[in-house]
1. With region 161-238 as the region, which helices (runs of 4 or more DSSP H) entirely inside it contain at least 1 residues that are acidic (Asp, Glu), under 29 Å from residue 15 (Cα atoms) and out of contact with any helix residue (DSSP H, G or I) (no Cβ under 7 Å at 6 or more places or on another chain)?
2. I'm trying to understand the selection: among the residues of region 64-98, which are surrounded by 14 or more Cβ atoms within 10 Å (Cβ to Cβ), of a type in the set (D, E, K, R) and free of Cβ contacts under 8 Å to residues at least 60 places away in the same chain?
3. Among the listed residues 152, 141, identify the single one that is in contact (Cβ under 8 Å) with a residue 12 or more places away in the chain, more than 15 Å from residue 102 (Cα to Cα) and within 19 Å of the chain's Cα centre (by Cα).
4. Of the conditions (1) in contact with a His (Cβ under 8 Å, 6 or more places away or on another chain); (2) farther than 30 Å from residue 37 by Cβ, residue 202 satisfies every one except a single condition; which number is it?
5. (1) surrounded by 15 or more Cβ atoms within 10 Å (Cβ to Cβ); (2) at pLDDT 95 or above: which one isn't true of residue 56, the others all being true?
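The values are calculated or read from the model by the stated rules, or taken from the named source; none is laboratory data. What you are looking at is a predicted structure, and each value in this text was computed from that prediction instead of being measured. Every residue, glycine as well, gets a Cβ built from its backbone with ideal geometry; the counts of neighbours run over all protein chains shown.
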Amino acid sequence: MSGGPADRAVLSAANISMRYRRGGKLSGSEQIQALDGMSLEVRSGEILALVGPSGSGKSTLARCLAFLERPDSGEVGFQGEAVPWEDVLAMRGLRRRVQLVFQDPARAVSPRFTTEQVLREPQQAWQQRASPQRALDWAQLLAEVELDPKVLPMRARSLSGGQLQRLVLARALVTEPDALLLDETFSGLDLSLQAKLANLVLGLVESRGLTCVLITHNSALAEQLADRSLVLSQGRVVDERSAPDASTGGTS
């Protein structure tokens, strides 16, 4: 390997484990092993798919990689450095640079908010100054996700499912992240909308130089979009697959 920027791990996990308690009582409640010694690296500019059924640990791993949950043991890394969980200010900056897009866009935004309010929300959360020039950029941002600027004054509840999914994707881009984590983002959409959104994500990865983690139970979608796929089962990586080589017709 060359050791250049393209080989650098933007996100990494080293032997991380996570347990949850099932049930309301601490005494006698069952412990669920969500992650069991998970290790991986996501390289700069790469689309990595995490594939597996419900309960395999995909979403828990995504929350750890987005710095929203700290694993019980092991180490999460960003740009080759261990994540400083105890440093509140540093963690705030890191969470801006890695954005997680959840599965259900209708639950991710307030239905009473207008599209512009949805986009301004992360700006305010990360205390980014909203200048007049920035306000003029909303139309360009919406164009990147193939939304008409006419939706800016519209309330989120009036948007279609496909429009909402594009809106939450645009909101994730407001902080100009280095990496996007898409947690079942394509789930619930018909095949036509899935294809359009998939092409949109591919274009954003290329134009913005993003690193992307795609969480899905759909192995066919993972094969179509990802450079590599990791197959998860019971909190562990059980298989790794590389994208078929188009030059050889997908054969090895």
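1. 219-225
2. 69, 70, 95
3. Details: 152 fails: within 19 Å of the chain's Cα centre (by Cα).
After applying the criteria, what remains is 141.
4. It is condition (1) that residue 202 fails.
5. (2)
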